[in-house]
Each structure stands twice: as structure tokens, then as C-alpha cells.
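The values are calculated or read from the model by the stated rules, or taken from the named source; none is laboratory data. Remember, it's a predicted structure, so these values are computed and weren't measured experimentally. Here the Cβ positions follow ideal geometry from the backbone for every residue, glycine too, while neighbour counts run over all protein chains shown.
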Amino acid sequence: MGSMKKIIFLLFVIFFSFAQSLNFAFIGFDHSNWNLYICENNHCKEIKTKYEIRNYDIYDKKIVYLGSDENLRLIKDKKEFVLIPSKKHSFTQPYFYDNGEKIALVKLINKNSKKTEILSINLKNKKISLLHFQYSTSLEPFVKNNNLIYSNVSCVNGCGHVIEEIWMKNLDTGYAKQLTLRNTISFQPFATKNEIYFSSLVEGKYQIFKYEINSKRTKRITYSNGNDLFPCTYDKGIIFVREKDGNSFIVKQENEKETILKIDNEIKKIRNLRIIR
């Protein structure tokens, strides 16, 4: 019985360690190019792509990215191909949803960010449909619980500064509402069941905030002298990118305690942090 208990305990430890592993991806600059890196079980490796990556998303073994050739590209089953070519319009900021079967993305009409649409691609039948259109610039789609969360630029000229706020649209009812009213740049939303994390400009620096969906309250999460960007959540807390003194770091915050994650010393700049789903 004693040996059986030890085996059960070891299996529990192994299962728990895998369940609690923090797996993420990011784009890092290695002196000459921006490359994609995937970090699993405390080990990061570079993922080779045909073109330099502008932005991307990852779901399981599938990667969708905007390449330097301006085409939206998909890597699936170790094969890479053009998902949507850039012709009259261009496409950017992809996000996998519906268990990786669909991709939400931004369409830049006439390749201009002043007028956008948020589209959906069904990977099974390649059907493209409209998720959202607003008479302004809607960016950074994120889908959670059949809600489309996105940032919307409401003013660029005539306001003295750029105003970008976080919005949410119920995809069943088609009803959209503005969540934040900070009168500054609030962007890069990441949603959980009851909260939306985002980065927002305050006193000249970007810091992480949290919007609580039920109470409709906004709470500041970080108080640093750097720029805190690309927030993501995991089972124990949040991770984000901190830019300071010309370098970038990945920081995890658990119970308000911050720890810098160890990344290859050759990577000095980091952006587009993503949790691997």
C-alpha cells in the first residue's frame, strides 16, 4: 500500500505541474529580425516562419500571422500557406476563437487604419463574415463567451490627443457598449469570464488596468516607472511585457508580487505576448 500511495502522489505531482505550467508566446527582436518564440515548460524556442512577423495568434499547434509580405498566413500541420492575400485591402491582428475553428481579424479598408471592419474566418469552409463595423477605427478583436471585445479609436484629430477605449459587443444580440471612459489610449484587451485586462496611458506611461464586468468598475493593477503592455491572465495571476530603459521584460504578477521571467539574454525587445491555449 505504501508504494501504491507513493505512485499516486508522484502522478498527482506530475499532473499538477503540467496543469500549472505557464505556456506563452511572444515576438522578440534578436539584433536583426522580429521572430516568434514559444515558451513551454520553462523552455523557449524560436519558430521559423517564411516571413518576418508583424502580429499573430496561436492556438494549440496552429499559428496565424501577418507577414512582412502583407499577407495573412496560416501554419497548420507544419505547413504554411497564405490564408488571405493582401490586395486592395489588408488584414491584421488575428485572434483564434471557437476552439480554434474561427479567426477574428481586422480589415483595413483600402489599407488605411482610419476605416476598419472586424471580420470572422471559418477555417472549415473558408467563409468570411462581418463581426462588427463602426464609423471609426475598431482594432484588436478578442472573443470570450460570445462577446467581441475590442478597442475603438474615437478621436485622433481635434482632441489634442488620441482617444481609444475598450468596447464589448454581444454577438447574439448585436448590441455594443463602451466599457471604459478614460479619455486616453486604452487598448490590448484580454478577457476572462468576469474581467477584462487592458493597458492604458496614465501620466505618460502605459499601465495595466482591470475592468470588472459585473460591477462595471475599473481598477489599476500596475504602478511601475516603465510601460506595461500586452496583459494576459493564467491560473495564478497575470503576465505582461514591461518596457524600461530600452529593454523589454516579461513580468508575472501573483498576489500583487511581481517576478521577471527568465528569457534568452539576446532578446532585448519583446511584444505581442500571448498565452498558448
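Here is a check on your reading of the model: is Asp245 of a type in the set (Asp, Glu) and under 20 Å from the mean Cα position of the chain (by Cα)? Considered against the rule, which asks whether it is of a type in the set (Asp, Glu) and under 20 Å from the mean Cα position of the chain (by Cα), Asp245 comes out as no.
Would you check which residues across the range 221-257 are assigned to a strand (DSSP E or B), of a type in the set (Asp, Glu) and exposed (fewer than 15 other Cβ atoms within 10 Å of the Cβ) and list them?
Step one: of the range 221-257, the residues assigned to a strand (DSSP E or B) are 227-234, 237-244, 247-254, 257.
Filter again for of a type in the set (Asp, Glu), leaving 228, 243, 254.
Scanning the range 221-257 gives a single hit, Glu254.
Return the residue satisfying two criteria in turn: it lies in the range 263-275 and is surrounded by fewer than 17 Cβ atoms within 10 Å (Cβ to Cβ) and at pLDDT 90 or above, and of such residues it is nearest to Pro141 (Cα to Cα).
Taking the range 263-275 and keeping what is surrounded by fewer than 17 Cβ atoms within 10 Å (Cβ to Cβ), we get 264-266, 268-269, 271, 275.
If we keep only those that are at pLDDT 90 or above too, we end up with 269, 271, 275.
Values: Lys269: 24, Arg271: 17, Ile275: 15 Å.
So the residue we want is Ile275.
Applying a threshold of 8 Å to beta carbon distances and a minimum spacing of six or more residues, or different chains, the list of pairs starting in the range 168-183 at a residue that is under 23 Å from Val156 (Cα atoms) and buried (at least 16 other Cβ atoms within 10 Å of the Cβ) and ending at one that is of a type in the set (D, E, K, R) and at pLDDT 95 or above reads Met168/Lys177; Lys169/Lys177; Ala176/Lys169; Leu179/Glu165; Leu179/Lys216; Thr180/Glu165; Arg182/Glu165.
If you go through the range 95-136, how many residues are among the hydroxyl-bearing types (Ser, Thr, Tyr), under 18 Å from Asn55 (Cβ atoms) and assigned to a strand (DSSP E or B)?
Step one: of the range 95-136, the residues among the hydroxyl-bearing types (Ser, Thr, Tyr) are 95, 97, 113, 116, 120, 129, 135-136.
Remaining after also requiring under 18 Å from Asn55 (Cβ atoms): 95, 97, 113, 116, 120.
Imposing the further condition that a residue be assigned to a strand (DSSP E or B) reduces the set to 95, 97, 116, 120.
Looking only at that region, the number is 4.
Across the range 104-135, the qualifying residues are those that are surrounded by 14 or more Cβ atoms within 10 Å (Cβ to Cβ), at pLDDT 95 or above and out of contact with any strand residue (DSSP E or B) (no Cβ under 6 Å at 6 or more places or on another chain), and the one among them that is farthest from Tyr175 (Cα to Cα) is Leu123.
Here are some residues: Asn170, Asn157. Which one is more than 16 Å from the chain's Cα centre (by Cα) and under 17 Å from Lys216 (Cα atoms)? Write out each step before concluding.
Working: Asn157 fails: under 17 Å from Lys216 (Cα atoms).
Every option except Asn170 fails the conditions.
Pick out the one residue from Ser200, Ser186, Ser215 that is outside any strand (DSSP E or B), modelled with pLDDT of 95 or more and either among the aliphatic types (A, V, I, L, M) or within 21 Å of Pro231 (Cα to Cα) (or both).
Numbers: Ser200 fails: outside any strand (DSSP E or B); Ser186 fails: outside any strand (DSSP E or B).
Just one listed residue meets the conditions, Ser215.
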